[in-house]
Amino acid sequence: MSSNVNKIFIARLIGLDVFDPLGDRLGRLRDVVVLMRSGSRHGRFSRRPLVVGLVVEVLGKKRVFVPMTRVTSIDAEQIICTGLVNLRRFEQRGAETLAVAELFDRTVVLRDGSGTATVEDMAMEQNRNNGDWVVTQLFVRRTATTGGLMRRRNETLIVDWEDAGDPSAAGHQPATQWVASHEEEQPADLADEIHDMSDKRKLEIAHELQDDRLADVLQELPEEDQVFILTNMERERAATVLEEMEPDDAADLLNELPDAEAEELLERMQPEDAEDVRRLLEYEEGTAGSLMTPVPIILPPEATVAEALAHIRQEELSPAVAAAVIVARPPLETPTGRYLGMVHTQKLLRYPPPEAVGNLIDRSLEPVSDLASVQDVARELATYDLTIIPVVNDHGRVVGAITIDDVLDALLPEDWRTADDGTPIRKVGRRYE
């Protein structure tokens, strides 16, 4: 293997493009897989971790394993590999450890007696004799005392692997650096990474994420992950995160909890947020009422195009909800007065700001009943090429709206978030070639 440097720091590689020998882009490096090896000498960990492969994100956001034996070149700009790459989804096994996800941010004890430090990066080097890559050094940050004197704050240093305690053996691992390095990722991509992690690491990352960010990520996780994270959080924070979620997603999650636990969380939520969720919980699963969002954009007929567009610009609205404005008689809080019709955002853009939305209503589109089945709702959306459709009760009052993503969530297989082709992923063996 060729490399422009003998020592490579892993953090600098993350995000690099990975190419095949012909120059075609395979994907992007997301993590490095190391094999933790037991055995010590004179109280030190003499067996350095073996770097066995790379986690590469390929087309479709799928993460695959590339053995280090297939890597022919690494430099500051790219990674080149050779031969065929197994495109099965990466699944961690045995003593495998993800360097960035599981070792960065861990606290280690420095063996010179100078205190503890936090791992921020790791250096790997290739053995000239057998070609193996091993972790040789840690880049750490510390604030420690020696002889009663405080060392300089945020002091950084490089230590040999043998001069620090095994970071994989540490207890709590802060996720500060991991979260910071993933702040630009979409919630769905973040959820995909978290799903593959250990239960312990899932909770560490959940602890570090802001409430609104965690709510977005939870909505993208499989139900079992949602329940695990929520039930292992402090009750007050769990209620706050539920408030940040879309009401229909919060209702779905609470439906998976024991009644007593769900009621406790509802009691801790803000009354107005809890009321939206309670109304959804009243509906039978699989009906339009159980899937809808109870807070779409609803305006009276005399509202202007300018007012409608101002509502659409609200940052917290999803693109699907912002696709149309529902027009109804007051009161405008669901359940509203009589439903009048709907105006698509695209139509609003074609009319002057003072125009009343009541003049632009598309009266040919009928709302769906709150008791309609998800299949009936799907047919309506498909027939009229809609991304959102109003939901009314038997008195013709608007109680919410269903978006296309709500319907897809209900119709796709339960494991669609973890399977690329809609079928369960089977665990397969992997050799270090």
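The values are calculated or read from the model by the stated rules, or taken from the named source; none is laboratory data. Every value quoted in this text rests on a predicted model; they were computed, and no experiment measured them. For accessibility, only protein heavy atoms count, side chains too; no ligands or nucleic acids. Shrake-Rupley method; radii C 1.70, N 1.55, O 1.52, S 1.80 Å.
Below is a table of values for the structure above.
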read-out: 3J(HN,Hα) from dihedral phi, region 97-110, Karplus parametrisation 6.51/-1.76/1.60, rounded to Hz, x for glycine, proline; value: 9, 8, 4, 6, 6, 10, 10, 4, 6, 6, 8, 10, 9, 6
read-out: P(r) tail fraction, region 202-318 - alpha-carbon pairs more than 16 Å apart, %; value: 62
read-out: Accessible surface, region 188-287, averaged per residue in Å² (probe 1.4 Å); value: 46
read-out: Amide H contacts under 5 Å for Asp31, placed H, 5+ residues apart; value: Val55
read-out: Percent accessible area from carbon and sulfur atoms, the chain, protein chains only, probe 1.4 Å; value: 48
read-out: More than 38 Å apart - percent of Cα-Cα pairs taken over the chain; value: 38
